[in-house]
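Undergrad: Dropping a structure here in structure tokens format, bear with me for questions.
Please treat every number below as a calculation from the coordinates, not as lab data. Just so you know, these numbers come straight off a predicted model, no measurement behind them. Counting neighbours? That spans all protein chains shown, and the Cβs are built from the backbone with ideal geometry, glycine included.
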Amino acid sequence: MKFEHTEVWGFEHAIRGMRNPHNSWDKSDSYTRDTGWDMCSWGGVKIYFDEDKEIKFFIGENDLHLMQSLIKAGSEHRKFLRQIFVSVDITAPLYWWKHFDAYKVGTVANSCSTMHKLASTPITFDCFEMDDFEKHLDLFYIRGREDLIRYWENLIEHLEGLRCFYNETKDKRYWKELIRLLPESWLQTRTVTMNYENILNMYNQRCVHSHKLTEWSVTFKEWVKSLPYAQELFEELKDGRL
């Protein structure tokens, strides 16, 4: 599982809108600045910027304190988080996407298509989530005993055979069986757009307590930590900290 091409934007207008209810714009101390640094400290405040290294955004102490207070007050008060947007390419197994799809509100995703492109490239081990693969795990059958690596070798050989037969014959029956037998660990890439509120909810529900899936408890959690001001904003979670 991997996260690529992460982009984050919207801090400036989110903070401006956050101060609208009390007309407290004069108390805002955040600003942008052009610098040549990747990430550093300026007056004790962390500096983050986008991949092209042109725009850098500083969250001031006054704004940060208000943001943290609103986050702690609950979802009805932290509406500004919904205006901080994230776009990222996520390559994850189908079983992970099932969990992710529970958070459809406020998210948009365009995925690579198994319907159109499944038969276009060879099926190998690299097509599946194998990060924590236990290849020597024993499987018990009536006919005897077989380790997991041999099972996967047989499965991939069978799937690749179906793919080749479909390409040779264009007989859709082979394609249908290929789709039907495709494991949940098949890796699919989606370009996802969401906001910091979505991410906070995912973290709180999937990562705070050790999830059975390391794709949540390790991989997703580490990606969240890499986002601008994640530590400062998400540390107000009631059930845990990053």
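Undergrad: Estimate the FRET efficiency between Glu184 and His65 by the formula 1/(1 + (r/R0)^6), using the beta-carbon distance for r and 45 Å for R0, to the nearest 0.05.
TA: 0.50
Undergrad: Further, regarding this structure: Provide, for q = 0.23, 0.27 Å⁻¹, the log10 of I(q)/I(0) from a solvent-free Debye sum over equal Cα point scatterers in the range 155-224.
TA: -0.95, -1.19
Undergrad: If you don't mind, there's one more thing I want to ask. Taking 0.36 nm per residue of separation and subtracting the Cα-Cα distance, what length does fully extending Glu76 through Asp29 add?
TA: Extending this stretch completely gives an extra 14.5 nm.
Undergrad: Can I ask one more? Report the label-to-label distance for His13 and Leu94 in nanometres (one decimal), using points 7 Å from each Cα along the Cα→Cβ vector.
TA: Spacing of the two 7 Å Cα→Cβ label points: 3.8 nm.
Undergrad: Return the distance in nm (one decimal) between the two label points of a simple spin-label model at Lys225 and Glu177, each offset 7 Å from Cα along Cα→Cβ.
TA: 4.6 nm
Undergrad: What pairs in Lys79/Lys212; Lys98/Lys170; Lys72/Lys225; Lys176/Lys221; Lys2/Lys225 have C-alpha atoms more than 26 Å from each other?
TA: Distance filter (> 26 Å) returns Lys79/Lys212; Lys98/Lys170; Lys176/Lys221.
Undergrad: Please compute the length gained on full extension between Thr114 and Asn204, using 0.36 nm multiplied by the number of residues separating them and subtracting their Cα-Cα distance.
TA: 29.3 nm
Undergrad: Report the Cα centroid-to-centroid distance between the range 60-110 and the range 155-176 in angstrom, as an integer.
TA: So the separation of the two Cα centres works out to 40 Å.
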